[in-house]
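**Q** The structure follows.
No lab work stands behind these numbers, since they all come straight from the coordinates. What you are looking at is a predicted structure, and each value in this text was computed from that prediction instead of being measured. When we count neighbours, we look across all protein chains shown, and the Cβ atoms used for this are built from the backbone with ideal geometry, even at glycine.
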Amino acid sequence: MANHNTAAFEEKPMWAGGRSPFNVSYGKLMMWIFLLSDAFTFSSLLVGYGAIRFSFSTAAVKWPDPAAIFNHFPFMHGYFLPLLFVSLMTFILIFSSVTMVLAVEAGHRNSKKEVSKYMFYTVLGGLAFLGCQAWEWSQFIGDGGRLDSNFFGITEQGYRHLSTVSFGDHFHWNEGDRTWGPVPFASLFFIVTGFHGFHVFSGVVINVIIWINTIRGTYEKRGHYEMVEKTGLYWHFVDLVWVFVFTFYYLI
Amino acid sequence: MGNFHHTPGEYDPITYVPHTESHGTKELWRTFWILLGITILDFILYFTMPPGLFRNVVFIFFGVVKAYYIVGAFMHMKNEKVNLAMCILVPTVFIIGLVAGLLYEGNALSTY
């Protein structure tokens, strides 16, 4: 079905039928409602993480500083580079969001060639992000992170040391100040980033399907590229969730 | 859509797709630079600001700003009808209630 001329429906009364009150297609409205429910799922995980972290605020073994633990960078073995790799992952996901929205924009101009080009870039960005996450997980597991144990606790003494040192030797604590820490730190890392990573994975699968459909001319025949917009909404949502995972899991 | 008997000009809730137009790529690239800038600022502030409540508030504020730009510009929420935007955005106040409640509970648990 080709694009409808909206103006003809717009003249009718808002809620009397015969027009779309929100001026939006059925599929896009359902995508928005799904994303709202998914936002609740992710916020439950993140808020649960916050509650558990708060419950350790007076514990003897402190909640570790996440950025100090995720301090590795590919090909920079032996260097202490906190936060750098996650920032790169954030950049990759934001950039793939841009290529996605450029595909949506090209879809508005019915440019099959440009839509397929930008969908390809978006798939590449998603795969790059997944690769980064796999690398990050393998580093964390290699350092001793497990779903049911965590070797990243800081003793009271080490915690006091961390909160007084200034930039430069900010993250270095004595090996003696390191101990078995709160188990939820490691398990929630795997659950939260794993659940987000699974969303990225399904996003990549959906993007590949849309990319193939674009190349095969499915949307050209249909007369509009609304499917690109709908998957775009999902892909931007995954990016949005990562913004909050990045804020709450790495920065704070 | 051969299953639906459809006469041109008649509204069909299942197949209806509003006419869309390109708004250009200028705003999208501007949004990208804003998001990149805030992320770099996050990175810099992590090393320059002392850890504590104030820094956390700044990070959360930056997160909300990034969310505003992603939802508003990338997801085209700015171009949607206000009614639709409200239907999606207003229910998220429940999340704020959940945050307040569970952080309070977490704090209470820490005293056990």
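**Q** Quick check on segment A:12-53: of everything there that is hydrophobic (A, V, I, L, M, F, W, C) and more than 9 Å from chain B (Cβ to nearest Cβ), which residue is farthest from residue A:139 (Cα to Cα)?
**A** Start the filter on segment A:12-53 by keeping residues that are hydrophobic (A, V, I, L, M, F, W, C), which leaves A:14-16, A:22, A:24, A:29-36, A:39-40, A:42, A:45-47, A:51-52.
In the following step, the residues that additionally are more than 9 Å from chain B (Cβ to nearest Cβ) were identified as A:15-16, A:30-31, A:34, A:42, A:45.
Details: A:15: 56, A:16: 59, A:30: 39, A:31: 35, A:34: 34, A:42: 24, A:45: 23 Å.
Per the criteria, the residue is A:16.
**Q** Now for a separate question. Inside segment A:74-94, can you point out the residues that are among the hydrophobic types (A, V, I, L, M, F, W, C) and under 19 Å from the mean Cα position of the chain (by Cα)?
**A** Taking segment A:74-94 and keeping what is among the hydrophobic types (A, V, I, L, M, F, W, C), we get A:75-76, A:80-81, A:83-86, A:88-89, A:91-94.
Answer for segment A:74-94, where residues must be among the hydrophobic types (A, V, I, L, M, F, W, C) and under 19 Å from the mean Cα position of the chain (by Cα): A:83, A:84, A:85, A:86, A:88, A:89, A:91, A:92, A:93, A:94.
**Q** Are any residues in segment B:70-90 facing chain A (nearest Cβ under 10 Å), surrounded by 14 or more Cβ atoms within 10 Å (Cβ to Cβ) and under 13 Å from the mean Cα position of the chain (by Cα), and if so, which ones?
**A** B:70, B:71, B:73, B:74, B:75, B:76, B:77, B:85, B:88, listed by residue number.
**Q** Which residues, taken from segment A:54-65, are in contact (Cβ under 8 Å) with a residue 12 or more places away in the chain, within 11 Å of chain B (Cβ to nearest Cβ), surrounded by 15 or more Cβ atoms within 10 Å (Cβ to Cβ) and not aromatic (Phe, Trp, Tyr)?
**A** If we filter segment A:54-65 for residues that are in contact (Cβ under 8 Å) with a residue 12 or more places away in the chain, which is where we start, we get A:56, A:59-65.
Next, only the ones that are within 11 Å of chain B (Cβ to nearest Cβ) stay: A:56, A:59, A:63, A:65.
Those left that are additionally surrounded by 15 or more Cβ atoms within 10 Å (Cβ to Cβ): A:56, A:63, A:65.
Within segment A:54-65, just A:65 meets the criteria.
**Q** Quick check on residue A:80: is it facing another protein chain (nearest Cβ under 7 Å) and aromatic (Phe, Trp, Tyr)? I'd like the intermediate steps shown before the answer.
**A** Working: facing another protein chain (nearest Cβ under 7 Å): no; aromatic (Phe, Trp, Tyr): yes.
No, not satisfied.
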